[in-house]
1. For the condition more than 16 Å from residue 15 (Cβ to Cβ) and touching a strand residue (DSSP E or B) at 6+ places or on another chain (Cβ under 6 Å), what is the one hit in 76, 96, 48?
2. With respect to the numbered conditions (1) in contact with a strand residue (DSSP E or B) (Cβ under 9 Å, 6 or more places away or on another chain); (2) within 19 Å of residue 100 (Cα to Cα); (3) loosely packed, with under 15 Cβ neighbours inside 10 Å, which one is the sole condition not fulfilled by residue 7?
3. When you go through 106, 35, 61, 90 one by one, which is the residue that is within 12 Å of the chain's Cα centre (by Cα), closer than 16 Å to residue 13 by Cα and surrounded by fewer than 18 Cβ atoms within 10 Å (Cβ to Cβ)?
4. Looking only at the stretch 36-45, which residues are in contact with a strand residue (DSSP E or B) (Cβ under 7 Å, 6 or more places away or on another chain) and more than 16 Å from residue 17 (Cβ to Cβ)?
5. Could you count how many residues in the stretch 58-102 are under 15 Å from residue 23 (Cβ atoms) and either in a strand (DSSP E or B) or in contact (Cβ under 8 Å) with a residue 60 or more places away in the chain (or both)?
6. Within the group 22, 27, 55, which residue is part of a helix (DSSP H, G or I), crowded, with 19+ Cβ neighbours inside 10 Å and touching a residue at least 60 places away in the same chain (Cβ under 8 Å)?
7. Quick check: anything in the stretch 114-121 closer than 21 Å to residue 28 by Cα, out of contact with any helix residue (DSSP H, G or I) (no Cβ under 7 Å at 6 or more places or on another chain), modelled with pLDDT of 95 or more and crowded, with 17+ Cβ neighbours inside 10 Å?
8. For residue 40, work out the one condition from (1) out of contact with any helix residue (DSSP H, G or I) (no Cβ under 7 Å at 6 or more places or on another chain); (2) surrounded by 11 or more Cβ atoms within 10 Å (Cβ to Cβ); (3) farther than 25 Å from residue 116 by Cα it doesn't fulfil.
């Protein structure tokens, strides 16, 4: 039997190296295949190809001309039940509200609380 078919995938859209390393470390105990994307095009192609994607961690600002807000709408059109967690240092109430308005499932502020991070993963990466 091919173990890859049983392993779930998590996509991390994070351009900051230290933030990505921290997420990667937090996810180690869950045995996910982790893909890192930098642009909206990369994540859209990956979602279209990989049916094992169980969870997306997304920052608000990306390295291309689309924001995380716009990307959530696009991803939800492709895969409506895909859990998307915004993880960002922008914690103003207006930003948080907009995250939920566009369809994100959870808002995780930076710096991360490790227990909260793990609970989010357990809840959404079913």
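The values are calculated or read from the model by the stated rules, or taken from the named source; none is laboratory data. Keep in mind it's a predicted model, so treat the numbers as computed, not measured. A quick note on method: Cβ atoms are made from the backbone with ideal geometry, for glycine too, and the neighbour counts reach across all protein chains shown.
1. Only one candidate qualifies: 96.
2. (2)
3. 35
4. Taking the stretch 36-45 and keeping what is in contact with a strand residue (DSSP E or B) (Cβ under 7 Å, 6 or more places away or on another chain), we get 36-37, 43.
Answer for the stretch 36-45, where residues must be in contact with a strand residue (DSSP E or B) (Cβ under 7 Å, 6 or more places away or on another chain) and more than 16 Å from residue 17 (Cβ to Cβ): just 43.
5. Of the residues in the stretch 58-102, 6 are under 15 Å from residue 23 (Cβ atoms) and either in a strand (DSSP E or B) or in contact (Cβ under 8 Å) with a residue 60 or more places away in the chain (or both).
6. Exactly one of 22, 27, 55 is part of a helix (DSSP H, G or I), crowded, with 19+ Cβ neighbours inside 10 Å and touching a residue at least 60 places away in the same chain (Cβ under 8 Å), namely 27.
7. yes
8. (1)
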